[in-house]
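The values are calculated or read from the model by the stated rules, or taken from the named source; none is laboratory data. As the structure is a computational prediction, the values presented were derived from the model and not from experiment. All Cβ positions, glycine included, derive from the backbone under ideal geometry; neighbour counts span all protein chains shown. The protein model used for the area step is the full one, side chains on, heavy atoms only, and it has no ligands, DNA or RNA in it. Shrake-Rupley method; radii C 1.70, N 1.55, O 1.52, S 1.80 Å.
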Amino acid sequence: MAFSASRARALLVVAIVATFLTGLAQVVQPVGASTPPPAAAPDVRSHAVRDLLDHRAAALRARDEPAFLATVDPTDQAFLDRQRTLFRNLAGVPLAEWDYLVDPVDQTTPTTRPAADELWAPGVRLRYRLDGVDAEPSTRPMGYLFARHGDHWLLASDTAAGETWRGPWDFAPCHVLTSPSGLVLSHPGGEALAARVLAELDSAVTTVTEVWGPAWPRQVAVIVPADQEEMRSLVGPAFAVGSIAGVAVADQIDPVARTARGQRVVLNPDSATALSPLSLRVLLRHEITHVAARGETADSAPMWLLEGFADYVGFRGTDVPTAKAAPALAALVARSGPPEALPTDTDFRGPAMDLAYQEAWSINRYLAGLLGEAGLVRLYRALAAEKSDVDGVLRSIAGVDRAGLTKGWREFLRTDFFR
């Protein structure tokens, strides 16, 4: 006989609640009793928690709030309320996959101990994929603590057993706009900036593809955080969020397969909102270039290449006067002549950051003129490879080493760049 999905969900909720109440009844002992309930066998415990998380993930994917909340320990009302909010914040997010991986060996000692017959904090990772954007799922750590009441396990905390990754849905309700080239996720109050981003997204992806080629997913997720706190959570501590308008990040990078998972362009809601249409266009193309090239870019690659190439794509076809796009560099050249050396990686952090970015852009403009656009891309792929020999690669593709590049670039700044 047919068994409807709605009936199955209803029976699941009844079964979970009934088992929980039965477990609580079994915990009540006569006055004077001192023997605690025995701990669950490790294999039984592991199976029960995996089953609980399977039910939690299935309920979220099915948008079944009662079934989702039935996996949460109701003895902590504040945590239950936060989980209800989390579920509702995710309502508009297109999820292609959402499940959990459990590592029973990677256990954590909880920092707090809520009342329960037994507590357990195994290693848990969220495995998720956004529909229409992510080709492969990525995983993130979840500091979950589980509590046993009788024979029944429930999620008791996401703060008492290590760090839990926070996604946009942990901060506010999510609004999602989509286009053939991806999606823009924002929160209440960010709709205007999200609409501006969406209007630029398709053309930005097209421009990046014209330069880089089609060998990348060509689907981008842009996040407009609610505030600086959310932005810091999404991009991590490596970025000074107050000084950037946007940044491209990734959950995992596989240098062997040359792929990246969970890539996101995260905009600073304060500074990006104030950008002119042209500046926003350049910003999006710059960051999406990083998305396209991420899988082929090693951490050791020189910043003048990575950031200068992204700016080369960002400004491509805009006809912005170079003196306006690079005012700090123009002032330096007019005052004391071209820089004596290529910018170092440390120049891209701190007070010299603006000048370093403008120098890097001009270097890539010079290389594009020397090698052609296809040659610039070939140079990028070779220089950005893991443990590349910078001077050797330059000699093989551009015919010069770093000293020769610096000499030619300085002459370019003197004679051609600001014309």
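Quick look at the values:
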| read-out | value |
| --- | --- |
| Contact order relative to length of the chain, as percent, for alpha carbon pairs under 8 angstrom and 6 or more apart | 10 percent |
| Candidates 207, 289, 112: whichever shows maximal mean-square fluctuation once the chain is modelled as a Gaussian network with Cα springs under 10 Å | 112 |
| The stretch 332-376: GluC sites (Glu not before Pro) falling in loop per DSSP and having at most 10 other Cβ within 10 Å | 340 |
| GNM top mover of 76, 99, 43 - the chain, alpha-carbon springs below 10 Å | 43 |
| Under Karplus coefficients 6.51, -1.76 and 1.60, residue-wise ³J(HN,Hα) of the stretch 188-194 in Hz, glycine/proline x | x, x, x, 5, 5, 5, 4 |
| Value of Rg to Rh for the chain (Rh from inverse mean 1/r over Cα pairs, i.e. Kirkwood) | 1.09 |
| Along principal axes, Cα extents of the stretch 230-338, largest first, whole Å | 44, 31, 27 |
| GNM result for the chain, Cα springs below 10 Å: residue of 281, 50, 395 fluctuating most strongly | 395 |
| 5 angstrom amide H check on residue 130, placed H, neighbours 5+ away | 96 |
| Accessible surface of the stretch 66-160, 1.4 Å probe, proportion on carbon and sulfur as whole % | 49 percent |
| Rounded to the nearest 20 debye, dipole of the chain from Cβ charges on Lys, Arg, Asp, Glu | 620 debye |
| Note, ³J(HN,Hα) from phi for the stretch 362-368, Karplus 6.51, -1.76, 1.60, rounded to Hz, x at Gly and Pro | 5, 4, 6, 4, 4, 5, 5 |
| Mean accessible surface per residue for the chain, computed with a 1.4 Å probe while every protein chain stays in place, in Å² | 46 Å² |
| Residue-by-residue Karplus 3J(HN,Hα) for the stretch 229-242, coefficients 6.51, -1.76, 1.60, Hz, glycine and proline x | 4, 5, 4, 4, 5, 6, 9, x, x, 6, 10, 7, 5, x |
